[in-house]
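Take a look at the structure below.
Any read-out appearing in this document is the output of simple, stated calculations on the displayed coordinates, not a laboratory observation. Note that the structure is predicted; figures quoted are calculated from it, not measured. A quick note on method: Cβ atoms are made from the backbone with ideal geometry, for glycine too, and the neighbour counts reach across all protein chains shown.
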């Protein structure tokens, strides 16, 4: 880690993800940007494109690179790079161990969103099969411009729902994984909104549990307290996560008990 100099980082900008995995705890790209207080475009350009922004002034670049290195150095994991706390050079086995840990972290950081997206696609496929067996028909966003006119007996994936997001009445679209309008839909009753969620460990879900709470609060602010919002869960969701969601009035259905969707009047 002592060999990371501004010259090395500029010459090999794509090592930044590796450096992020060398800290305690490992940090995401946006977290590094915030901690180092540097331009998001600089870090993204270096990580993704493998170069520094060509129009960036040299003085600005030098200051930003120094901030990045200082942040990484301050957060470096001493349990991985054990030789940093002593004057004796690292042994080969210590270097190999450190490289293996960092590589494993990096592989996990890259693979997790890929696996999560694949899991979500699989979950949506299961919901589609379940609904179609019961006579439901899939539609597109253009077939139902708003929740109020969503046809009975239909469903849609990745449906953008406009919600109020500020005190001035400004609106923004939030994507809903599945919108389902029951066959026996009563006049004035909104469709069921479902979010597909999967997780590979308990830690990750507790970091993400506020996402659903924020979404349901935006929906209620825009459409009233009668909004029906549920989670379709797979894998690691513990009592802490479920209790948090229940406190927000959010219900859920486990993937292995998909027939419980019928309790929503489907």
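Run the numbers on segment 6-90 and let me know its relative contact order in percent, using alpha-carbon pairs under 8 Å that are six or more apart. Don't jump to the answer; show the numbers that get you there.
On the way: 78 pairs, mean separation 30.1, N = 85.
Relative contact order of segment 6-90: 35 percent.
At 0.36 nm per residue, and after removing the present C-alpha to C-alpha distance, how many nm does the segment from residue 225 to residue 122 gain when stretched out fully? Intermediate results must be reported in sequence, preceding the final value.
Working: separation 103, 0.36 × 103 = 37.08 nm, distance 3.06 nm.
Here the segment from residue 225 to residue 122 would lengthen by 34.0 nm.
Expected output is a single nm value to one decimal: the length gained when fully extending between residue 152 and residue 165, i.e. 0.36 nm times separation in residues minus the C-alpha distance. What is it? Can you show the working numbers first?
Working: separation 13, 0.36 × 13 = 4.68 nm, distance 2.82 nm.
Separation in residues times 0.36 nm, less the Cα-Cα distance, equals 1.9 nm.
Which angle from 0 to 90°, rounded to the nearest 10, does the C-alpha axis of helix 202-223 make with the longest principal axis of the chain?
50 degrees
What is segment 1-58 by shape, rounded, prolate or oblate, if you read a ≥ b ≥ c off the alpha carbon gyration tensor as root eigenvalues and call it rounded for a/c under 1.5, prolate for a/b larger than b/c, and oblate otherwise?
Details: a/c = 1.79, a/b = 1.26, b/c = 1.43.
It is oblate, given that a/c is not under 1.5 and a/b is not larger than b/c.
Roughly what % of DSSP beta bridges within segment 113-264 run antiparallel, to the nearest 5?
Numbers: 13 of 27 bridges.
Restricted to segment 113-264, the bridges split so that about 50 percent are antiparallel.
Once the Cβ-Cβ distance between residue 138 and residue 109 is put in as r, and R0 is 22 Å, what FRET efficiency do you end up with, to the nearest 0.05?
Details: r = 34 Å, r/R0 = 1.55.
Efficiency, rounded to the nearest 0.05: 0.05.
Using DSSP, restrict attention to beta bridges with both residues in the chain and report what percent are antiparallel, rounded to the nearest 5.
50 percent
List the relative contact order of the chain as a percent without decimals, with contacts defined as Cα pairs under 8 Å and 6+ residues apart.
On the way: 326 pairs, mean separation 31.5, N = 266.
Relative contact order comes out at 12 percent.
How many nm is it between the label spots at residue 86 and residue 58, if each spot is 7 Å from the Cα in line with the beta carbon?
Going from the residue 86 label point to the residue 58 one covers 4.2 nm.
Give the shape of segment 113-264 as rounded, prolate or oblate, defined through the alpha-carbon gyration tensor: a ≥ b ≥ c are the square roots of its eigenvalues, a/c under 1.5 means rounded, and otherwise the shape is prolate if a/b is larger than b/c and oblate if not.
Numbers: a/c = 1.62, a/b = 1.13, b/c = 1.44.
Oblate is the answer for segment 113-264, as a/c is 1.5 or above yet b/c matches or exceeds a/b.
Dividing the convex hull volume of the Cα atoms of the chain by its residue count, what figure in Å³ per residue is obtained?
Details: hull volume 47.1 nm³, N = 266.
It comes to 177 Å³ per residue, whole-number rounded.
Going by alpha carbons, how many degrees (0 to 90, nearest 10) lie between the helix axis of 92-133 and the longest principal axis of the chain?
Long axis of 92-133 versus the principal axis of the chain: about 10 degrees.
Any chance you could run the full-extension gain for residue 44 through residue 239? It's 0.36 nm times the residue separation minus the Cα-Cα distance, nm to one decimal. Write down the numbers at each step before the final one.
Values: separation 195, 0.36 × 195 = 70.20 nm, distance 3.67 nm.
Length gained between residue 44 and residue 239: 66.5 nm.
Which value in nm describes the separation of the simple spin-label points at residue 262 and residue 129, placed 7 Å from the Cα toward the beta carbon?
The two pseudo-label positions are separated by 1.8 nm.
Run lengths n ≥ 4 of DSSP H only: what is the helix-derived mean residue ellipticity at 222 nm for the chain, with -39500 (n - 2.57) per run over all residues, to the nearest 500?
Working: 8 runs with 115 residues, N = 266.
Helices in the chain give a 222 nm mean residue ellipticity of -14000 deg cm²/dmol.
Pull out a ≥ b ≥ c, the square roots of the eigenvalues of the alpha-carbon gyration tensor of segment 36-99, then state rounded if a/c is under 1.5, prolate if not and a/b is larger than b/c, and oblate in the remaining case. Please list the in-between numbers first.
Values: a/c = 3.08, a/b = 2.29, b/c = 1.35.
In terms of gyration-tensor shape, prolate.
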